Amino acid sequence: MFNKIRLSKLLFGLVMLGACALAAAETVHVAVAANFVEPLKNISEQFEKSTGHKVLITSGSTGKIYAQIKNGAPYDLFLAADAKTPAKLEQENAIVPKSRFTYAIGKLALWSAKPDYVDNRGDILKKQPFSHIAIASPKLAPYGLAAMQTLEKMGLDKTLQPKIVQGENIGQTHQFIASGNAELGFVALSQIYKDGKVKNGSAWIVDTRDYEPIRQDAVMLPKAKDNAAASALMKYLKSDPAHKVLQSYGYAY
């Protein structure tokens, strides 16, 4: 009887412990630039397992997310594709003070879904045996701006202008190329790269000296000031497990 009582107390304690853990778990709503969606999903899966918190992800162009935030979108964290936009929000007193930091440094790639189509130096851009080249909107997406900077440095921005098709964000741009609507285009390396190699098609990884560094900053928004999940995820983005995911997708940090 004594053992049964002890066992009952132990089971009750475990149930209460589990209930407390569930009660403490919260949800963090993250607005993320399209280039970082897949890495964030990977990181979020690990984060949820280790903390019990939940991550809700909404993606889009950095410029569009900024506009949504200014119009009251209920996001907790903003993971941008640049440093300029989060800095602007900081200047506007629209973030939790001192929350801004660089979570990743992105890289640009010229990619085609066709194997052996893009050479490893980007010479195909000079030969121009294509009808359409896709880039993200330079006004909305930092990777689109980096693409135009690359073309300008190569002296090809005006020559290729008639062939350029623009995606609203880097996710839509990738889709233009993957579907064959554009034979090639500029994407975030993370979209086509995993574990040290290009996943499919053919690509030229653009020299980082050909465009301004793509520093990607994260900020906590006022709604998340007392959200334990938001604070925990911001901390987790600086951890070794998160950095390993970044590296596997071709990011620096």
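The values are calculated or read from the model by the stated rules, or taken from the named source; none is laboratory data. Here the structure is a predicted model, which is why all the values come from computation and not from measurement. For neighbour counting, all protein chains shown are included, and Cβ atoms are generated from backbone atoms with ideal geometry for every residue, glycine included. When the accessible area is computed, the model is the full protein with side chains, heavy atoms only, and any ligands, DNA or RNA have been set aside. Shrake-Rupley method; radii C 1.70, N 1.55, O 1.52, S 1.80 Å.
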Log entry, pairs with first residue in region 218-232 being touching a residue at least 12 places away in the same chain (Cβ under 8 Å) and farther than 17 Å from ALA242 by Cβ, second being among the acidic types (Asp, Glu) and open to solvent by 60 Å² or more (accessible area, probe 1.4 Å), beta carbons closer than 8 Å, six or more apart or on different chains, reads ASN227/GLU26; ALA228/GLU26
Of the residues ALA203, ALA218, which single one is under 14 Å from the mean Cα position of the chain (by Cα) and buried (at least 18 other Cβ atoms within 10 Å of the Cβ)?
ALA218
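Return the only residue of VAL187, VAL198, VAL165, VAL245 being among the aliphatic types (A, V, I, L, M), in contact (Cβ under 8 Å) with a residue 12 or more places away in the chain, open to solvent by less than 20 Å² (accessible area, probe 1.4 Å) and in contact with a strand residue (DSSP E or B) (Cβ under 8 Å, 6 or more places away or on another chain). Don't jump to the end; show me each part of the working.
Numbers: VAL198 fails: open to solvent by less than 20 Å² (accessible area, probe 1.4 Å); VAL165 fails: open to solvent by less than 20 Å² (accessible area, probe 1.4 Å); VAL245 fails: in contact with a strand residue (DSSP E or B) (Cβ under 8 Å, 6 or more places away or on another chain).
From the options VAL187, VAL198, VAL165, VAL245, the qualifying one is VAL187.
Answer with yes or no whether ALA182 is within 21 Å of GLN247 (Cα to Cα), open to solvent by less than 50 Å² (accessible area, probe 1.4 Å), small (Gly, Ala, Ser) and at pLDDT 95 or above.
On the way: within 21 Å of GLN247 (Cα to Cα): no; open to solvent by less than 50 Å² (accessible area, probe 1.4 Å): yes; small (Gly, Ala, Ser): yes; at pLDDT 95 or above: yes.
For ALA182, the condition - within 21 Å of GLN247 (Cα to Cα), open to solvent by less than 50 Å² (accessible area, probe 1.4 Å), small (Gly, Ala, Ser) and at pLDDT 95 or above - is not met.
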Note on region 206-220: residues in contact with a Phe, Trp or Tyr (Cβ under 8 Å, 6 or more places away or on another chain) and either part of a loop (DSSP other than H, G, I, E, B) or closer than 12 Å to LEU110 by Cβ (or both) are VAL206
Pairing a residue in region 104-121 that is of a type in the set (Ser, Thr, Tyr) with any residue that is part of a loop (DSSP other than H, G, I, E, B), where Cβ atoms lie under 8 Å and the two sit 6 or more apart in sequence or on different chains, gives SER112/VAL118; SER112/GLU183; SER112/GLY201; TYR117/GLU183; TYR117/GLY201
So, ALA252, is that one among the aliphatic types (A, V, I, L, M), surrounded by fewer than 17 Cβ atoms within 10 Å (Cβ to Cβ) and within 15 Å of the chain's Cα centre (by Cα) or not?
yes
With respect to ALA34, determine if the residue is aliphatic (A, V, I, L, M), closer than 29 Å to ALA94 by Cα, surrounded by 15 or more Cβ atoms within 10 Å (Cβ to Cβ) and at pLDDT below 95.
yes
Which ones in region 141-194 are hydroxyl-bearing (Ser, Thr, Tyr) and either at positive phi or in a helix (DSSP H, G or I) (or both)?
TYR143, THR150, THR159, THR173, SER190
Look through region 65-116, keep the residues that are assigned to a loop (DSSP other than H, G, I, E, B), among the acidic types (Asp, Glu) and open to solvent by 60 Å² or more (accessible area, probe 1.4 Å), and return whichever of them is farthest from SER179 (Cα to Cα).
GLU92
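Here is a yes/no grid of residues against (1) at negative phi; (2) not hydrophobic (A, V, I, L, M, F, W, C):
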position: ASN93; (1), (2): no, yes
position: LEU110; (1), (2): yes, no
position: ASP119; (1), (2): yes, yes
position: LYS127; (1), (2): yes, yes
position: LYS139; (1), (2): yes, yes
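Select, from SER59, SER112, the only residue that is over 20 Å from SER231 (Cβ atoms), among the hydroxyl-bearing types (Ser, Thr, Tyr) and more than 12 Å from the chain's Cα centre (by Cα). Lay out the reasoning, then the answer.
Values: SER59 fails: more than 12 Å from the chain's Cα centre (by Cα).
Among SER59, SER112, only SER112 is over 20 Å from SER231 (Cβ atoms), among the hydroxyl-bearing types (Ser, Thr, Tyr) and more than 12 Å from the chain's Cα centre (by Cα).
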Within region 137-162, track down each residue that is open to solvent by 50 Å² or more (accessible area, probe 1.4 Å) and at pLDDT below 95.
LYS139, LEU140
